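Beneath this line is the structure, given in structure tokens, with notes to follow.
The values are calculated or read from the model by the stated rules, or taken from the named source; none is laboratory data. Worth saying up front: this structure is predicted, and the values here are computed from it rather than measured. Virtual Cβ from ideal backbone geometry, glycine too; neighbours counted across all protein chains shown.
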Amino acid sequence: MQYWFNTRTRQVEAADDPERARSHDLLGPYETEEEASRALEIAAERTARWDEEEAAEDAWRTGDPQARDWDANPLNG
């Protein structure tokens, strides 16, 4: 069975629940109820991992490990 995490109610909802939200308030699906209950933590971990990967790609592409700190917008002076 699949489970979803409702970001509005902060509750785990089963896929077969007739009351399950059908909106942008859901994260998932997850394989287990326990995994769905950790949805926000999992999302934060994934975001941090993606940020690290993007920083490494920027450093490789530019040759500068601080490339992500650059602000090329001339209006930000």
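When 13, 19, 57 are screened for being at pLDDT 90 or above and not polar (S, T, N, Q), only 13 passes. Applying the condition of being surrounded by 13 or more Cβ atoms within 10 Å (Cβ to Cβ) and either basic (Lys, Arg) or within 11 Å of the chain's Cα centre (by Cα) (or both) to segment 18-56 and asking which residue is nearest to residue 1 (Cα to Cα) yields 28. Taking the stated definitions as given, is residue 59 surrounded by 14 or more Cβ atoms within 10 Å (Cβ to Cβ), without any contact (Cβ under 8 Å) to a residue 60 or more places away in the chain, of a type in the set (Gly, Ala, Ser) and touching an Asp or Glu at 6+ places or on another chain (Cβ under 8 Å)? Here the answer is no, as residue 59 does not meet what is asked. Of all residues in segment 18-54, those satisfying the criterion of being in a helix (DSSP H, G or I) and of a type in the set (Asp, Glu) are 33, 34, 35, 41, 45, 51, 52, 53, 54.
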